[in-house]
Amino acid sequence: MLTQTASVGQAVLRSAIRLQNNHIRYEDTRVLDQDKTGCYDCILRSAPNACENCLLKQFHTETRKVYVNERARYGERRTLNRNALLLFLSLHFMNPDENGLVRMVDAEEAAEMLGCHVRTVINNLRLLEEAGYIACRKLPIVHYYDIFISEYSTYFKQASADGRGYLTMSQGMLQEIISQTSLNAVRLVIRSVLSSEEDMRRKGSLSEKSYQEIKLDLPDYCTRKQIREITDRDSFRRLFHVTQKKRTASIILKEEFEQSTVRELLREDARAAILKKLSSLQETAAVDAQQGESTAVLSLTEKELTDISAIALKYPIACITRALEQIYTRYVRHHLDIRNIGALVRTFARANAELFQAA
């Protein structure tokens with residue numbers, strides 16, 4: 001069963017679809033105009049938070065030149081064909097653990113989901129393994145595999161630890177990406193999703209791009225006509241609001257696929273996983289009781305459940321459920337008081353994430 005959401009590392013995703021060639025990008029940025037604001041004569045400049053709360057601030061727009069070298073930032077890997085790329089994305093929805101291990105993957109089910117033959121799935125598993133995206137082990141059951149997503153534990157690194165970010169995708173977005181009939185359409189969809197997220201982070205940036213800029217995301221042979229054909233398709237417009245002009249196009253991700261919406265689904269995924277783990281721990285307590293051991297039950301209030309579910313925005317769900325198991329073993333079983341279980345779960349989840357990133 002697929003999870004509602006999945007997190008995919010930006011570095012591996014960008015390399016898999018195709019890295020852009022080195023180029024220069026120009027960005028318009030709002031900059032504080034210290035002359036018009038009167039900053040140099042301000043007697044409050046040294047006061048705490050004075051600048052942040054200043055009501056006299058005035059800004060002007062400056063055009064900044066940005067040198068883009070994606071190979072230096074994200075690392076270069078083998079680019080993937082359409083089916084290999086879709087299979088790789090789908091693996092992230094098959095409930096990988098904190099190490100990136102996906103157990104009991106049924107190649108026949110994957111083939112049905114992707115609309116291809118089971119032999120295509122098996123061949124692309126081999127391709128993904130040869131390219132270093134996964135490690136794969138054939139199980140004794142026909143067409144079943146255990147799969148390890150190679151760089152999964154690095155997705156969640158902080159920027160200070162050289163983390164390069166990750167994209168949280170919904171299952172609905174995955175289905176729309178699968179519906180794209182060509183590799184370049186898949187590339188343009190993923191790039192447009194990434195660009196929409198970047199636009200939201202850069203206040204005041206424009207979503208409208210020239211076709212020349214859009215072509216940076218695609219192979220050199222792609223023409224403006226081909227780009228317009230892709231963006232005119234119903235499958236593309238189910239994901240984006242598209243406005244086309246003679247030389248430019250605006251491609252804006254629809255609200256239901258934005259990160260804020262997907263993150264709400266992620267919290268729901270985390271909530272379901274937490275409730276499942278609590279149920280499992282209650283079964284453990286029941287077995288202990290039958291064996292005459294002193295038992296205690298780990299339970300959460302609705303507020304605690306909501307707060308702990310939100311930790312999934314920063315750490316993998318598997319690290320959170322493991323934290324609950326650790327708390328049960330080290331605290332609850334020994335009847336030790338827990339003053340703030342949310343903070344304790346966060347501490348254990350962070351330690352688990354750091355452990356698996358270092359492994």
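The values are calculated or read from the model by the stated rules, or taken from the named source; none is laboratory data. These numbers come from a predicted model, not from an experiment. Glycine gets a Cβ as well: all are built from the backbone with ideal geometry, and neighbour counts include every protein chain shown. In case anyone asks, the SASA skips ligands and DNA or RNA and just uses the protein heavy atoms, side chains included. Shrake-Rupley method; radii C 1.70, N 1.55, O 1.52, S 1.80 Å.
Things worth noting here:
- Cα gyration tensor shape of the chain, rounded if a/c is under 1.5, else prolate or oblate by comparing a/b with b/c: oblate
- Computed from phi, the 3J(HN,Hα) profile of the stretch 60-71 under the Karplus parametrisation 6.51, -1.76, 1.60 (θ = phi - 60°) reads 9, 9, 10, 8, 10, 8, 10, 8, 10, 10, 5, 5 Hz, with x in place of Gly and Pro.
- Here the Karplus curve 6.51 cos²θ - 1.76 cosθ + 1.60, taken at θ = phi - 60°, turns the phi angles of the stretch 137-147 into couplings of 10, 6, 8, x, 6, 4, 6, 10, 9, 9, 10 Hz, with x standing for Gly and Pro.
- Solvent-accessible surface ranking, highest first, for K209, K36 at 1.4 angstrom: K36, K209
- Top positive-direction residue, dipole computed over the stretch 279-336 with Cβ charges, set A296, A286, T306: T306
- Accessible carbon and sulfur surface of the chain relative to its total accessible area, %, 1.4 Å: 49 percent
- Whole-Å semi-axes of the ellipsoid equivalent to the stretch 29-165 (Cα gyration tensor, √5λ, descending): 52, 17, 13
- Span from the the stretch 97-117 Cα centroid across to the the stretch 1-55 one, whole angstrom: 38 Å
- Across the stretch 18-34, computed HN-Hα scalar couplings (Karplus, 6.51 cos²θ - 1.76 cosθ + 1.60, θ = phi - 60°) run 2, 6, 5, 5, 4, 7, 10, 10, 10, 10, 8, 10, 7, 10, 4, 8, 5 Hz from first to last residue, x flagging Gly and Pro.
- Relative contact order computed over the stretch 1-116 (Cα-Cα under 8 Å; 6+ residues apart), in percent: 39 percent
- Gyration tensor verdict on the stretch 274-359 (Cα atoms; rounded if a/c is under 1.5, prolate if a/b is larger than b/c, oblate otherwise): prolate
- Rounded if a/c under 1.5, otherwise prolate or oblate - the stretch 113-250, Cα gyration tensor axes: oblate
- Entry note, the chain: relative contact order of 17 percent, from Cα contacts under 8 Å with a spacing of 6+ residues.
- Surface analysis of the stretch 202-359 yields an accessible area of 58 Å² per residue, using protein heavy atoms and a 1.4 Å probe.
- Taking every protein chain into account, the accessible area of the stretch 1-147 amounts to 57 square angstrom per residue (probe 1.4 Å).
- Mean-square fluctuations from a GNM of the chain, with a 10 angstrom spring cutoff on Cα atoms, peak among I320, I178, I214 at I214.
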